[in-house]
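We did not get these values from a lab; they are worked out from the coordinates using the rules stated. Model, not experiment: these values are computed from the prediction. So basically every Cβ, Gly included, is an ideal-geometry build from the backbone, and we count neighbours across all protein chains shown.
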Amino acid sequence: MSKKIVAGNWKMHKTAPQTAKFLEELIEKLPANQAEVIVAPTFVNLAEATALTKNSKILVAAQNMHQAEAGAYTGEISAPMLTAIGVNTVILGHSERRQYFGETDGNLVAKVDTALRHDMKVIFCIGEQLADRNKNNHFNVVEYQLRDGLFHLDKKFWNNIVIAYEPVWAIGTGETASPEQAQEMHAHIREVIAKSYGKDLAINVSILYGGSVKPSNAAEIFSKPDVNGGLIGGAALEVNDFIAIINAI
Ligand code: PGA
């Protein structure tokens, strides 16, 4: 069975003191349900976040990383740097990285491989643009992103892969895919994985939905059978909203 996961992607928000305050409150109020809880603060606050959450069930993720182990790449962060401070999860291929920072499918394959080589868990983001959906091409676009980024992997690596389906038109826009739209795409993703890797593997992959998830819509989206949790942006910045979303699972 796939694990339930609620992950907060803080993007370029929260200073060090704000990070500490949020995490202290989250640890104190964390619901005792079975969901895995992940927060992804900005790079400069990762070390403090891992120290603060050390004795809790909260995992800390990076929002990106470079594919090389080390080298002359000014401004970049490597997998060994992350794992050395206890960060063993990384979000890769977020649409904002693809859109604003030139992240390509080729880059992403290298990043995925590096992360897995370092035993990191990868939250791999895929999702169509509004124009793709309007042309009824969304299933194809998502399938290609999935195949391009992950289908070179050997079966054994899928234990460390989490998929986040995030329709680009729903990210930060207040617009959410309906629970039915989320379910049909998640079912499609699982089917595509099953075709290449078998049903047994596919049912164990956690597929998260992302795009304007908030306390008021989380329970309905999470109630769909192929939705195994969420990747939350805006609503993950306020601790009570984030907890309400964790409770919704
Ligand atoms: P949002 O962001 O919840 O603010 O729409 C989701 C994401 O970008 O992961």
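Could you state the orientation-averaged shadow area of the convex hull built on the Cα atoms of the range 160-249, in nm² to one decimal?
Over all viewing directions, the range 160-249 projects a mean Cα-hull area of 5.7 nm².
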So if each residue of separation counts as 0.36 nm, and I subtract the Cα-Cα distance between residue 74 and residue 51, what length gain in nm does that give?
5.7 nm
Once you have the Kirkwood Rh of the range 56-120 from its Cα pairs, apply Stokes-Einstein at 10 °C and 1.306 mPa s and quote D in µm²/s.
130
How many percent of the alpha carbon pairs in the range 88-203 exceed a separation of 17 Å?
55
For the range 188-233 and the range 12-34, compute the distance between their C-alpha centroids and round to whole Å.
24
Using the Karplus curve 6.51 cos²θ - 1.76 cosθ + 1.60 with θ = phi - 60°, work out ³J(HN,Hα) for each residue of the range 219-231 in order, rounded to whole Hz, and write x for Gly and Pro.
4, 5, 5, 5, 6, 6, x, 9, 9, 9, x, x, 10
Determine the equivalent ellipsoid of the range 4-62 by diagonalising the alpha-carbon gyration tensor, then write out the semi-axes as square roots of 5 times the eigenvalues, largest first, rounded to whole Å.
18, 12, 10
Which of the pairs 4/54; 54/121; 14/54; 29/111; 14/156 have their Cα atoms more than 26 Å apart in this structure?
29/111; 14/156
If you split all Cα-Cα distances of the chain into 10 Å bins from zero, what percentages do you get per bin, shortest first?
7, 34, 39, 19, 2
Points 7 angstrom from Cα along the Cβ direction at residue 136 and residue 34: gap in nanometres?
3.9
Distant-in-sequence amide H partners of residue 128 (H built 1.01 Å from N, under 5 Å):
168
Starting from the 7 Å offset along Cα-to-Cβ, what nm value, one decimal, do you get for the label separation of residue 219 and residue 101?
3.6
